[in-house]
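Contents: one structure, followed by commentary.
The values are calculated or read from the model by the stated rules, or taken from the named source; none is laboratory data. Values in this document were obtained by computation on a predicted structure and should not be read as measured data. Quick reminder, even Gly has a Cβ in these numbers, built from the backbone with ideal geometry, and neighbours come from all protein chains shown. We work out accessible area using only protein heavy atoms, side chains counted, and drop any ligands, DNA or RNA first. Shrake-Rupley method; radii C 1.70, N 1.55, O 1.52, S 1.80 Å.
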Amino acid sequence: MLYSYIKTAWRNIKSNKVYSFINITGLAVGMAVAVIIGLWVWDELSFNKDFDHYKRIAVVMQNQTFNGEITSQTAVPFLMADELRKKYGSDFKYVTMSSWTFRHLISSGEKKIYSSGNFFEPQITEMLSLKMREGTRDALQDRHSAIVSVSTAKALFGKNDAINQHIRIDNKFDVIITGVYEDIAYNSDFRDLTFIAPWQLYIDDNNWPEKTSNPWRSNAFQTFVQLADHASMQLVSDKIKDVKLHSVSKEDAAFKPVVFLHPMKDWHLYTSFKNGVITGGRIEYVWLFGIIGLFVLLLACINFMNLSTARSEKRVKEVGIRKAIGSLRIQLVRQFYAESILVAVFAFLLSLLFVQLVLPYFNTVSGKKMAVLWLNPFFWLISIVFILITGLIAGSYPALYLSSFQPVKVLKGTFRAGKLAALPRKFLVVLQFTVSVMLIIGTIVVFRQIQFARNRPVGYNRNGLIVAVMASPDIHNHFDIVRTELKNTNAITEMAESSGPTTYVGEVDNGFEWNGKAPGVQGNFGAVFVSHDFGKTIGWKILEGRDFSRDFETDSSAIILNETAVRFMGLKHPVGETIKWDGKAFHVIGIMKDMVMQSPYDPVFRTVFVLNTGAQDIINMRINPNMSIHDAIAKIEPVFRRYSPSQPFDFEFTDDLYARKFGDEERIGKIAGIFAILAIFISCLGLFGMASFMAEQRTKEIGVRKVLGASVKDLWVMLSKDFVLLVTISLCISSPVSYYFMENWLKKYEYHSEISAWIFGCAALAALLITFLTVSYHSVKAAIANPVKSLRSE
């Protein structure tokens, strides 16, 4: 019986090649989208799951209250790990302090590379269950040891053995490689961890115990924990909430610090906090794309339903004869389901080909390294279920509808589908275009928001501004000579040092006091340390007062505020005011125009700029606008190599650093745009098939109308207007729904665009134009056909 169903289904597929092609192609595209989104969702949900104990690992976070607003951060004080071990040691298996994962200069002899790494306490190897290729997980016990990933070892030593090799980190840490671990999975928050050095080496070098009089004051480190086997994440989190509050001074206790654990399983998907409570994160995109995938697949299934039911009159006699010779309705239902499942099988095989072809491009757009899970049994089990469900959904309405025909009416020739029979098809067409137009509108809104933020005035000149990260003080020690040489080559117009690039605010601190500060006012300030000529180099604008100058020795205790800081402090005449930072007095010499240094979607952060003559991490250079970038770099590089031979010349354009701030939104916009195009394509396939069928059904009517004098234009309008009406209805539904969802999405950003009416106009115009182009082929073809051929049998 099953063989008979399949054989009959195959014959029907072969006998209607055009409709079969449309069905299989449309369904294949929809299934390909569903598979790709499924792989993306799988990748998102499996983040960090490569670590054996990921359910019991957490990062220690803290909430602090500033002027009634709670902020959440992962940065914690220097003594956090010691305090947790001392007071709550039985609740943890491992507690480890950590710096931050940044790029560092790694050198071995003449070989120099930049590699991302971190300084950890030794327990990190067990906590992350590192897979050691060479050495053991005890390899970090010595303060002059280090372990590296396989890729880093290969980059430094090629095929040679890395164990016991000497390397130098940032031109100041001399260590011996005592272990090599396998590269950490790409879908992990530790994927950039390509080397690990001992925490004690970092602390001793920076003199942290002696450097600060109050080690609980500065939040500059990270603490990771792994719970004991018997411990509960929530109970331990509640237990340690006051660990900092009981240790800080009375002044710092006013910030109401609350310590808590953020589980590793939530690091990737739940990252948004508001007033100390998790409000979401990437999980929202997981749900969004999951829903989009289901809708796009549904569009493909709708095509199958529409074309199958539209062709019902072609198969009424088949149904009538089958019923007349004894076929039961359940048997006919099985037959039609067999057809739809067979189509689903062909479509799925074709979709896998599509997925394999487009996955490299999709990985580039989405920033992933996904692959089809060919060898995963679970993937094939899901695929079989996926094919069956898709086949059943796509074939449900045709199976139930076609099997309901009465054989007497069918064989007498009195069967008529009736006007109401077309209503379900019309409803499905409206649903198709409603989803497609919503995707179009959403894509436009996302990209418009990106452009809105991109075009926001940043308060300085990014064009031609480059930054070079310094891993050694060599350039600083010869700064004036390097600056003079580069200016003499006309490669640059100015050069200055800073503690960070203009796209980043570091050293957030709350130890500021000023005249007129209201009791109870609390607030963090961003601090940037700069050298002379920093303002000239980046092109900031001084609104009041003056810039730092070599002509004033007193500038060693000078400070420049941005507009936001002045407003927060409530200073009416800020220039000349004295501000204390951790007890040290600074005099305000200038007010500069707000610069966008953090998220371009958020308000400018209150920031202070302090002159510092010591070595800084960043060299900022303004390229001479009269010289090409290529020629300027060619002149800058040899000068840097001459005065800093210990590190390669590595630079980045500030424009590129700023563009990265839009990475997530751009990826979401591009992915949504791709899915919108595919949704329109699938919908157009359905319209194309429906238009073909309607033109075929109305061949004689068209012939009669032509004989009676109807023009091609009249016939084209007649055949197209029904589809245009359906699309117009879908526009009326999709517009308010899209507005609701996109307005809520925009509210996540404090600095955002508005949803303009022209967006809906463009989406409507695009949908109507696509509809006209899709149905016009068959409409015009039918309209210009010779009426003699269609009427000769009458």
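Key figures
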read-out	value
Strands (runs of 3 or more DSSP E) contained in the range 558-626 and holding at least 2 residues in contact with a His (Cβ under 6 Å, 6 or more places away or on another chain) and open to solvent by 50 Å² or more (accessible area, probe 1.4 Å)	none
Asp170 open to solvent by 10 Å² or more (accessible area, probe 1.4 Å), out of contact with any Lys or Arg (no Cβ under 9 Å at 6 or more places or on another chain) and on the phi > 0 side of the Ramachandran plot	yes
Within the range 264-282, tally of residues that are more than 20 Å from Gly68 (Cα to Cα) and either part of a loop (DSSP other than H, G, I, E, B) or of a type in the set (Ser, Thr, Tyr) (or both)	7
Evaluation of Val150 against (1) open to solvent by less than 10 Å² (accessible area, probe 1.4 Å); (2) under 29 Å from Pro263 (Cβ atoms) (one fails), failing number	(1)
Any hit, the range 276-291, residues being in contact with a Gly (Cβ under 9 Å, 6 or more places away or on another chain), of a type outside the set (Val, Ile, Thr) and at pLDDT 90 or above	no
The one condition in (1) among the polar types (S, T, N, Q); (2) open to solvent by 40 Å² or more (accessible area, probe 1.4 Å); (3) touching a residue at least 24 places away in the same chain (Cβ under 8 Å) that Ser107 fails to fulfil	(2)
Test result for Cys684, on the phi < 0 side of the Ramachandran plot and open to solvent by 30 Å² or more (accessible area, probe 1.4 Å)	no
Cross-chain or 6+ apart pairs with Cβ under 6 Å, the range 639-656 first and open to solvent by 30 Å² or more (accessible area, probe 1.4 Å), then of a type in the set (Asp, Glu) and assigned to a helix (DSSP H, G or I)	Tyr643/Asp474
Considering residues of the range 361-385 that are open to solvent by less than 40 Å² (accessible area, probe 1.4 Å) and part of a helix (DSSP H, G or I) only, the residue farthest from Asp189 (Cα to Cα)	Ser383
Meets criteria (at pLDDT 90 or above and in contact with a Pro (Cβ under 6 Å, 6 or more places away or on another chain)) for Val575	no
Exclusive hit being in contact with a Phe, Trp or Tyr (Cβ under 8 Å, 6 or more places away or on another chain) and farther than 18 Å from Gly686 by Cα, set Val435, Val429, Val445	Val445
Where a residue in the range 238-256 is in contact (Cβ under 8 Å) with a residue 24 or more places away in the chain and its partner, wherever it lies, is open to solvent by 60 Å² or more (accessible area, probe 1.4 Å), with Cβ under 7 Å and at least six apart	Val243/Lys87; Asp252/Arg217
Residue match in the range 489-509 (condition: within 22 Å of Met592 (Cα to Cα), modelled with pLDDT of 90 or more and open to solvent by 70 Å² or more (accessible area, probe 1.4 Å))	no
Every residue from the range 42-82 that is within 30 Å of Leu294 (Cβ to Cβ) and either open to solvent by less than 30 Å² (accessible area, probe 1.4 Å) or not in a helix (DSSP H, G or I) (or both)	Asp43, Glu44, Ser46, Phe47, Asn48, Lys49, Asp50
Any helices (runs of 4 or more DSSP H) falling wholly within the range 159-263 and containing at least 2 residues that are closer than 30 Å to Gly68 by Cα	233-239, 250-253
Among residues of the range 646-665, those that are in a helix (DSSP H, G or I), among the charged types (D, E, K, R) and modelled with pLDDT of 85 or more, counted	4
Members of the range 453-479 found to be open to solvent by 20 Å² or more (accessible area, probe 1.4 Å), in a helix (DSSP H, G or I) and either more than 30 Å from Ile591 (Cβ to Cβ) or in contact with a Phe, Trp or Tyr (Cβ under 8 Å, 6 or more places away or on another chain) (or both), listed by number	Arg454, Asp474, Asn477
Ser531 vs. criteria open to solvent by 10 Å² or more (accessible area, probe 1.4 Å) and within 36 Å of the chain's Cα centre (by Cα)	yes
Residue within the range 89-104 that is within 19 Å of Ala162 (Cβ to Cβ), open to solvent by less than 60 Å² (accessible area, probe 1.4 Å) and part of a strand (DSSP E or B) present	yes
Near pairs, Cβ below 7 angstrom, 6+ apart or cross-chain, from the range 542-559 (under 18 Å from Met595 (Cβ atoms)) to any residue that is open to solvent by 50 Å² or more (accessible area, probe 1.4 Å) and of a type in the set (Val, Ile, Thr)	Glu544/Val575; Gly545/Val575
Positions within the range 217-239 being open to solvent by less than 20 Å² (accessible area, probe 1.4 Å) and over 18 Å from Glu121 (Cβ atoms), in sequence order	Ala231, Val236, Ser237
Scope the range 110-145; condition open to solvent by less than 70 Å² (accessible area, probe 1.4 Å), more than 22 Å from Val225 (Cβ to Cβ) and assigned to a loop (DSSP other than H, G, I, E, B); matching residues	Gly135
Criterion: over 16 Å from Val429 (Cα atoms) and either among the β-branched types (Val, Ile, Thr) or crowded, with 17+ Cβ neighbours inside 10 Å (or both) - qualifying residue of Leu746, Leu731	Leu746
Output for the range 597-633, where each listed residue is acidic (Asp, Glu) and modelled with pLDDT of 90 or more	Asp631
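Okay, residues lined up against (1) closer than 19 Å to Val604 by Cβ; (2) assigned to a helix (DSSP H, G or I):
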{"site": "Ala496", "(1), (2)": "no, no"}
{"site": "Gly500", "(1), (2)": "yes, no"}
{"site": "Gly516", "(1), (2)": "no, no"}
{"site": "Gly520", "(1), (2)": "no, no"}
{"site": "Gly526", "(1), (2)": "yes, no"}
{"site": "Gly535", "(1), (2)": "yes, yes"}
{"site": "Glu544", "(1), (2)": "yes, no"}
{"site": "Arg550", "(1), (2)": "no, no"}
